[in-house]
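See structure below.
The values are calculated or read from the model by the stated rules, or taken from the named source; none is laboratory data. No experiment lies behind these values; they were computed from the predicted model shown. No Cβ is skipped: glycine too gets one built from the backbone with ideal geometry, and neighbour counts run over all protein chains shown.
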Amino acid sequence: MALRQFQVPEWLDDVNELMQRILAEARAASTLDHPNIAHLHTCGYKDFNVFMTAEFVEGQTLKEIMAGRIPDLNEILQWAKQLCSAVDNANDKGVYHHFLNPYNIKLTPDGTVKVLDFGLIRDKNLLTPTPAKKLDDAPYLSPEQVKNKLADRATNIFNVGVILYELYTSRSPFAGKHLGEVDRAISDASPHPLNVANGRVPEGISRVVLKAMSKNPADRYGSGAQLMMALESAMREPRVAAGKPATGKFSAGDATGSFKANSTGSFNPSATGSFNANATGSFNPNATGSFRRDATGSFSANKTGSFNRDAFNAAVQNGSLAPAPATKAGFPSLRPR
């Protein structure tokens, strides 16, 4: 059993009305029964103090986990599945989380995700009384919450998106030195794509998370289930590493070998073969250069002339061209017989 206590400021208007609203929210939250939501047992108050008893959850918060290590992609997908399920279960009952962030999501020793404080205390000034705590919680709010609007399903989808962004990239998309900077970032700034913030993240995952974090609530996913389906689909997409050369086979007459295209568009022999241009082989250059053999054994286009493949092949076939001794630069050339 976990005991939660906080104090309502005495200077607030209509304190009694606020207390009644807190109790009503607690009663709604106590009806939630889901394996990924920490159960709320009781709630009451005396004077200006509110008391709650809830399920005790053993384990680390997601924030503590991220501070100690970088979760792998499959772990994050499993956590997201449980988190989205919890969000949908509560939202379907009209209960919304007003401060969903990595500080109130725990992971038990057996890998179960548990969301704490679901449906409790919509006033952000009550649960985040100190400036430091406010600055910790603020980067996970939605644009609507920054404008003091009530949380709804779209809000919680945005909250989940921000949490996923940090899990995947190890950085907050809306971090700032003060609350004003954080609020402006949430309202106006477009976060970097996740695959730019961290190269390990697939581009498809980036698209999904950024959609969940759309400024316009109508542009986000309609439920946690939709978000989860999109994440799983993105994980199944084939990944092509940026800058990785394409590979294949090159055949020139009776000589064969593997080739790969480097960043300059030249051909480099791989470890499994070499290149030999005979009468029937063809190196196809671009329109502005000829081919020379450089020091690494690859072929690249220089800027000294043009090269006509058909004329070259015809000249080799009729015997009018033959290899010449290496030049001073070490490159073989062709000369008329």
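Can you tell me which residue within the range 1-11, out of those that are exposed (fewer than 14 other Cβ atoms within 10 Å of the Cβ) and under 41 Å from the mean Cα position of the chain (by Cα), is farthest from Gly111 (Cα to Cα)?
If we take residues in the range 1-11 being exposed (fewer than 14 other Cβ atoms within 10 Å of the Cβ) and under 41 Å from the mean Cα position of the chain (by Cα), then Pro9 is farthest from Gly111 (Cα to Cα).
Kindly indicate which of Leu83, Leu120, Leu77, Leu100 is among the aliphatic types (A, V, I, L, M), surrounded by fewer than 20 Cβ atoms within 10 Å (Cβ to Cβ) and either at pLDDT 95 or above or in a loop (DSSP other than H, G, I, E, B) (or both).
Of the residues listed, the single one that is among the aliphatic types (A, V, I, L, M), surrounded by fewer than 20 Cβ atoms within 10 Å (Cβ to Cβ) and either at pLDDT 95 or above or in a loop (DSSP other than H, G, I, E, B) (or both) is Leu77.
Rundown of residues vs (1) surrounded by 16 or more Cβ atoms within 10 Å (Cβ to Cβ); (2) more than 23 Å from Gln145 (Cα to Cα); (3) assigned by TED's automatic domain parsing to the domain that holds Val87, yes/no style:
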position: Leu167; (1), (2), (3): yes, no, yes
position: Ser172; (1), (2), (3): yes, no, yes
position: Gly180; (1), (2), (3): no, no, yes
position: Asn195; (1), (2), (3): yes, yes, yes
position: Asn198; (1), (2), (3): yes, yes, yes
position: Gly204; (1), (2), (3): yes, yes, yes
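Gly176 fails exactly one of the following numbered conditions: (1) modelled with pLDDT under 90; (2) over 27 Å from Gly199 (Cβ atoms); (3) in a loop (DSSP other than H, G, I, E, B). What is the number of that condition?
Here Gly176 meets the rest and fails (2).
Can you confirm whether Ala212 is under 20 Å from the mean Cα position of the chain (by Cα) and surrounded by fewer than 19 Cβ atoms within 10 Å (Cβ to Cβ)?
No, not satisfied.
For the range 186-205, which positions are within 14 Å of Phe158 (Cα to Cα), touching a residue at least 24 places away in the same chain (Cβ under 8 Å) and of a type outside the set (Val, Ile, Thr)?
The answer is Ser187, Pro191.
If you go through the range 31-53 one residue at a time, do you hit one that is under 28 Å from Met235 (Cα atoms), of a type in the set (A, V, I, L, M, F, W, C), modelled with pLDDT under 95 and surrounded by fewer than 21 Cβ atoms within 10 Å (Cβ to Cβ)?
No, that holds for no residue.
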